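Colleague: Handing you this structure, nothing more for now.
The values are calculated or read from the model by the stated rules, or taken from the named source; none is laboratory data. Keep in mind that this is a model prediction, so the values were computed, not measured. With ideal geometry, Cβ positions are generated from the backbone for all residues, glycine too; neighbour counts draw on all protein chains shown.
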Amino acid sequence: MVNEMENIRPAAAEDASRIAELVVFNYRVNFYPFFKNDEFYFKELNVLELAKEYAEGSEALGCCYVYDDGAVKGFVRVKGQEIEKLFVEPQFQGMNIGGRLLEFAAGSLGADWLWVLKYNRRGISFYRRHGFELTGEEIIEDEWVPLLKMRRAR
């Protein structure tokens, strides 16, 4: 069995722009098709502004772990028991990087729940394969984003 922590390390300030790239690209690839909001996805959401969230000493940076095998290919952000974000560079999806990050978050950090976009069937399937189940809870984030809660089965 592969060591689930292999290539996973705490994020550092020099990872900020790469983490921001991962968020921006994944939001555009995975979420834009549902919302078609050009103003948000191609103006408001940008790498330069988002990288500031992950600056040295920031709460966001302190909660992040990156998958780095010579290049940062994905990251997970965990706060308490919640997996707040999990993204892998689209070109590297399907290579178990997301699975390793998720197993690290759940196994090493004790994170056992998350919110997933209601329309994200691929994401829901991914989390189910890793032992998460829909709880039946739903929220609307930012007045227009429907999210479903998933919890890891014990």
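Colleague: Filter the range 50-67 down to residues that are in contact with a helix residue (DSSP H, G or I) (Cβ under 8 Å, 6 or more places away or on another chain) and of a type in the set (Asp, Glu) and give me whichever is nearest to Ala13 (Cα to Cα).
Modeller: Here the answer is Glu56.
Colleague: Are any of the residues in the range 121-134 among the β-branched types (Val, Ile, Thr), assigned to a helix (DSSP H, G or I) and farther than 19 Å from Ala11 by Cα?
Modeller: Yes, the conditions are met somewhere in the range 121-134.
Colleague: Is it the case that Arg18 is assigned to a strand (DSSP E or B) and modelled with pLDDT of 95 or more?
Modeller: In short, no.
Colleague: Moving to a separate point now. Which pairs do you get when a residue that is within 11 Å of Phe25 (Cβ to Cβ) and in contact (Cβ under 8 Å) with a residue 12 or more places away in the chain, found in the range 37-54, comes within reach of a residue that is in a helix (DSSP H, G or I) and among the aromatic types (Phe, Trp, Tyr), reach meaning Cβ atoms under 8 angstrom, with the pair 6+ apart or on two chains?
Modeller: Partner pairs satisfying both residue conditions: Tyr41/Tyr27; Tyr41/Phe31; Tyr41/Tyr32; Tyr41/Phe35; Leu45/Tyr27.
Colleague: So, one more: Would you confirm, using the coordinates I've provided, whether Ala111 is among the small types (Gly, Ala, Ser), modelled with pLDDT of 95 or more and not in a helix (DSSP H, G or I)?
Modeller: Judged against the criteria, Ala111 is a match.
Colleague: State all residues of the range 112-136 that are among the hydroxyl-bearing types (Ser, Thr, Tyr) and free of Cβ contacts under 8 Å to residues at least 24 places away in the same chain; if no residue qualifies, say none.
Modeller: Answer for the range 112-136, where residues must be among the hydroxyl-bearing types (Ser, Thr, Tyr) and free of Cβ contacts under 8 Å to residues at least 24 places away in the same chain: Ser125, Thr135.
Colleague: If you don't mind, another one. May I ask you to verify whether Leu117 is closer than 20 Å to Glu6 by Cβ and buried (at least 16 other Cβ atoms within 10 Å of the Cβ)?
Modeller: Answer is no for this residue.
Colleague: Got a sec? Which of Phe92, Phe87, Phe75 is farther than 29 Å from Trp144 by Cα and either modelled with pLDDT of 95 or more or in contact with a strand residue (DSSP E or B) (Cβ under 6 Å, 6 or more places away or on another chain) (or both)?
Modeller: Checking each option against the conditions leaves just Phe92.
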